[in-house]
Structure formats: structure tokens, C-alpha cells
Amino acid sequence: MAHPAQLGFQDAASPVMEELLHFHDHALMIVFLISTLVLYIIIAMVSTKLTNKYILDSQEIEIVWTVLPAVILVLIALPSLRILYLMDEINDPHLTIKAMGHQWYWSYEYTDYEDLGFDSYMVPTQDLTPGQFRLLETDHRMVVPMESPIRILVSAEDVLHSWAVPSLGVKMDAVPGRLNQTAFIASRPGVFYGQCSEICGANHSFMPIVVEAVPLEHFENWSSLMLEDA
């Protein structure tokens, strides 16, 4: 859960998000070193009146400032491509959930069950209980088993939406007439909050996403209760 004045990402709750955090730190360090070098060169140029005639026409320095950026780009591209393929990898998911975007709420269908599905609306401010977050809590949470590969099929019924949960490293566009898929593994139990990340109309900011990761035994009990109520 993000907190006020937070500068970095939320704590990772999935292996992919951990990799994204490591890549962010890796790229940020490269940017910091480049910025420091450029700042030093600028200060050196404006603070001296001396001119080195060998630098004015030097093949060696041209080679260096051509090859060095290429090496830096490779150092950024390789881990980036690795994570990109990791995010697309969906092997033998234990559970498949279909998330449908509507104006302005989400509906979920547990496709491995016959009649397990529900709509998820934001809880109005006046109905919040102590401990619930305004504009982020829903009346029905998407409950998933922890430490299990979960496949999410994302689509929309009316306009463009985007199903995003930052702490799980998941963000997938919901496009009418198109079925996109993504996957995640919740590495620990907890409640993870997200929101629609595509401007979808007047109530765009009022269709939050809440994913609750629980042990497998608790998930089985929850699914049994939901099927009985259905």
C-alpha cells in the first residue's frame, strides 16, 4: 500500500515486481553516473579558460563517446528484455480469472468454476468501516491463493480500461472485443490495491481493484462459501 510522500515503488508482492524493482535501481544508478559525468564536464568547461588542442581533433575520444553509450544501452536492454519475457511467460496456471471492465466497476469470473463470479464496486465513503481506504476499497475483493500462478484474462464491455495492481507488477489494457492475458504469483498473503489505469470516463477514478492473497486452504473455504451463496 502506498503512503503519503512516498517517492519509490510499493513493496514487491510478486517475483516479477521484485525483478522490476531491481531493474529500476540498476537503470537509476546508470542515469545517476551519466548525470554526474555530464555535470562535471559542464562545470569543467565553464570554469577554465584553457584549451587542449589534442581534444579539439581527437579520433580516440570520438571512438570512446560512440562506443561507451552503445555499451550502456546494451547493459540496460538485456535485463529489460529478460523481464519482458518473464512477464509474458504463462506456464500451467493453477487458476484463471476473467476481469471485465465496465463503466465504472470490475466484474470477475473464476472460469475454473461453474458459477463463481461477481461484480466489484467501490465502497462509498459513507459506508467505509475503520481501517478501510477511501476510493480504494471494494465490496467484493478478488481472492486468490498465494504462491500459485494466476492467469488473468482482461477485457472490457464498453470503453478502454486497464487492470493494474502496482505491488504485483501487473498492468494490462482492457479492450472491448479483445481478450488480453497476464499472470502473477502472490508471494505472500495480503491485500493489494490497484485502480483502472486508463482514462475511461467521468468515474474513471472510482473503479478500484482489490486483490486479496490467502493460503490455499482459506481460498478453498472462500470459494465454497461463494458457490453456496450463488
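If you filter region 114-162 down to residues that are farther than 24 Å from Val175 by Cα and not in a loop (DSSP other than H, G, I, E, B), you find that the one that is nearest to the chain's Cα centre (by Cα) is Pro145.
The set of residues in region 57-80 being at pLDDT 90 or above, closer than 22 Å to Met29 by Cβ and not aliphatic (A, V, I, L, M) consists of Pro69, Pro79, Ser80. If you check Ala27, Ala2, Ala13 for being within 25 Å of Gln181 (Cβ to Cβ) and open to solvent by less than 90 Å² (accessible area, probe 1.4 Å), only one passes: Ala13.
When the test is whether a residue is more than 29 Å from Gln132 (Cβ to Cβ) and either surrounded by fewer than 12 Cβ atoms within 10 Å (Cβ to Cβ) or in contact with a Cys (Cβ under 8 Å, 6 or more places away or on another chain) (or both), Ile42 passes it. Scanning region 154-165 for residues that are crowded, with 17+ Cβ neighbours inside 10 Å and either of a type in the set (A, V, I, L, M, F, W, C) or modelled with pLDDT under 95 (or both) gives Val154, Ala156, Val159, Trp163, Ala164, Val165. Listed by position, the strands (runs of 3 or more DSSP E) enclosed by region 166-230 include none that has at least 2 residues that are of a type in the set (D, E, K, R) and out of contact with any strand residue (DSSP E or B) (no Cβ under 6 Å at 6 or more places or on another chain).
Restricting to region 74-110, name every residue that is in a loop (DSSP other than H, G, I, E, B) and touching a Gly at 6+ places or on another chain (Cβ under 9 Å). Gln103, Trp104, listed by residue number. Looking only at residues of region 196-223 that are over 19 Å from Met122 (Cα atoms) and open to solvent by 60 Å² or more (accessible area, probe 1.4 Å), we find that the one that is farthest from the chain's Cα centre (by Cα) is Asn221. Looking at region 108-127, is at least one residue open to solvent by 40 Å² or more (accessible area, probe 1.4 Å), at positive phi and assigned by the TED database to the domain that holds Val159? Scanning region 108-127, I find no residue that is open to solvent by 40 Å² or more (accessible area, probe 1.4 Å), at positive phi and assigned by the TED database to the domain that holds Val159, so the answer is no.
The values are calculated or read from the model by the stated rules, or taken from the named source; none is laboratory data. As the structure is a computational prediction, the values presented were derived from the model and not from experiment. FYI the Cβ positions are ideal-geometry reconstructions off the backbone, even for glycines, and counts take in every protein chain you see. These area figures cover heavy atoms from the full protein model, side chains too; ligands, DNA and RNA do not enter into them. Shrake-Rupley method; radii C 1.70, N 1.55, O 1.52, S 1.80 Å.
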